[in-house]
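Inspection log for the structure reproduced underneath, given as structure tokens.
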Amino acid sequence: MSLKSKTSIARPKSKSLRATVPEGIAVFLNLSPGDTLEWQMEITQGERVATVKKSKIED
């Protein structure tokens, strides 16, 4: 399954972006406000891929 969301500027004068986690993904990952997400980045077959999962250990 694939879902899409758009990015927006996180804060003025910041290069960080913010995206909303689609409802279907939030339910699938059993996310609640305040949960920590873990991001992994790699290049697969020349394509930049980011994987996100709910962190088992809260920071």
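The numbers here are math on the coordinates, done by the rules we state, and not lab data. Every value quoted in this text rests on a predicted model; they were computed, and no experiment measured them. Ideal geometry is used to build each Cβ from the backbone, glycine not excepted, and the neighbour counts take in all protein chains shown.
Does at least one position in segment 51-59 carry a residue that is surrounded by 10 or more Cβ atoms within 10 Å (Cβ to Cβ) and either of a type in the set (A, V, I, L, M) or in contact with a His (Cβ under 9 Å, 6 or more places away or on another chain) (or both)? Yes, some residue in segment 51-59 is surrounded by 10 or more Cβ atoms within 10 Å (Cβ to Cβ) and either of a type in the set (A, V, I, L, M) or in contact with a His (Cβ under 9 Å, 6 or more places away or on another chain) (or both). Looking across segment 1-28, the residues that are hydroxyl-bearing (S, T, Y) and either in contact with a His (Cβ under 6 Å, 6 or more places away or on another chain) or under 15 Å from A50 (Cα atoms) (or both) come down to S2, S5, T7. Could you list, in sequence order, all residues of segment 1-35 that are of a type in the set (V, I, T) and surrounded by 11 or more Cβ atoms within 10 Å (Cβ to Cβ)? The answer is I9, T20, V21, I25.
So, in segment 17-59, of the ones that are hydroxyl-bearing (S, T, Y) and in contact (Cβ under 8 Å) with a residue 12 or more places away in the chain, which residue ends up nearest to S5 (Cα to Cα)?
T20
Taking segment 26-43 as the range and being farther than 18 Å from I57 by Cβ and either small (G, A, S) or part of a strand (DSSP E or B) (or both) as the test, the residues that pass are A26, M41, E42, I43.
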